[in-house]
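See below for the structure under consideration.
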């Protein structure tokens, strides 16, 4: 596994997140967290607990930018906890993957399923924890729907362009 | 013992998951109750610096309206000076000018980062205003930057009063529109008219009394309600917030020590 490539991608994606995606003001409900791309695209051969630790670190950094200590951390840990189970459920022949999960290795349909499910789980967790009350649940659901759609489109777009 | 180790190994991933989540939730709970960490927030020098660069670049795109705003403020200040009497020079309120480095307006918990910190004498709990009206309260103080919790944050409560009769209420934000907030705790016997001015109450040392908060947009009183539901149009335009002033009350520390002893 190529760590320089992973870290390089992380830095570029975080810069885009902070400089571009965090600045979006689309109807007040679109707050996409495209930075999860780095977590979703991690090689699948990592030990499960290492994956969760990476998730915790990536989430914590994002929290510092958002003044929301713990919120992104908890959501990313959840995402990384679910990831291997979801890959197991979607992909039949895991050996064929050759550590990389992408449009190229599992096909567009499966990739959309994989990205959409994990992004919705992550975004729902972030917005629910940030609201910290059931009073705003309606807003949180709309926010999750719109933002997830945006994030999924960007991540799938990246995949299609990179691995077509 | 061996069986215990076997069980732990068998569920080690799940245990790691639980341990990490517990850590994250402790962070969430402690940080929202009393945010101490200026390093793990946008008051962090490096992060605020980055936001400042972005805001510098964005600032060039609305120089014209900023200039108009400053010119209008100059006129207002000149008028104020000319009408000042010597008694007002003994005031204990001192304002420190600051620039908004970063601000969100479309979240439930919006924050504002300003380019003044502990080296400029900023302390947690100080009020922040601009020439239009109330902005918020300082929440986390870093060395060079601070994070402000604006009134458009669902956690914020601000004590206000009607300018016309000193009747007090609490301003809360519902998380929807950055232009409006709600005034609670106003009893049904009060007559509330659209257009009534709401100002700070001066009951706490955070803000001096009489800083504009907003104007009553409409109020409803259903049969049997004991409190009005009042919608207030906020004086401050958070969407184009750029320059703010931190209220430094020379007596704030003393006042807080006095009231602290009463609890």
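Computed from the coordinates by the stated procedures, all read-outs in this text should not be read as laboratory data. In this text the structure is predicted, and so the values were computed from the model without any measurement. Cβ sites come from the backbone with ideal geometry, for glycine too, and all protein chains shown count toward neighbours.
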* For A:138-145, mean number of other protein chain Cβ atoms within 10 Å -> 1
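Mind checking A:120-127 for the average number of partner chain beta-carbons within 10 Å of each residue's beta-carbon?
On the way: counts 0, 0, 0, 0, 0, 0, 0, 2.
Mean partner shielding for this stretch: 0.
Relative contact order, percent, of chain B when contacts are C-alpha pairs under 8 Å separated by at least 6 residues?
Details: 477 pairs, mean separation 46.9, N = 263.
Once normalised by length, the contact order is 18 percent.
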* Asked: In degrees between 0 and 90, to the nearest 10, how far off the longest principal axis of chain B does helix B:63-82 point, with axes built from Cα atoms?
  -> 50
* To do: May I ask you to derive the relative contact order of the range A:3-163, considering only C-alpha pairs under 8 Å and at least 6 residues apart, and to give it as an integer percent?
  => 25
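With a cut-off of 8 Å between alpha carbons and a minimum separation of six or more residues, what is the relative contact order of the range B:69-220 in percent? All intermediate terms of the calculation are to be shown ahead of the outcome.
Values: 282 pairs, mean separation 24.7, N = 152.
Relative contact order of the range B:69-220: 16 percent.
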* Asked: Relative to the longest principal Cα axis of chain A, at what angle does helix A:3-19 sit, 0 to 90 degrees, rounded to 10?
  -> 20
* Asked: Where does helix B:12-33 land angle-wise versus the long Cα axis of chain B, in degrees 0 to 90, nearest 10?
  -> 20
* Asked: Distances over 33 Å make up what percent of all Cα-Cα pairs in the protein assembly as shown?
  -> 43
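Could you compute how fast the range A:3-163 diffuses translationally, taking Rh as the Kirkwood radius over C-alpha pairs and applying Stokes-Einstein at 25 °C with viscosity 0.890 mPa s? Give it in µm² per second. Walk me through the numbers on the way to the answer.
Numbers: Rh = 16.0 Å.
Answer, rounded: 154 µm²/s.
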* To do: On each of the three principal axes of the Cα atoms of the range B:158-238, give max minus min coordinate, whole Å, ordered largest first.
  => 36, 27, 19
* Asked: In a solvent-free Debye calculation with one equal scatterer on each Cα, what is log10 I(q)/I(0) for chain B at q = 0.11, 0.13, 0.16 Å⁻¹, listed in the order of the q values?
  -> -0.71, -0.94, -1.31
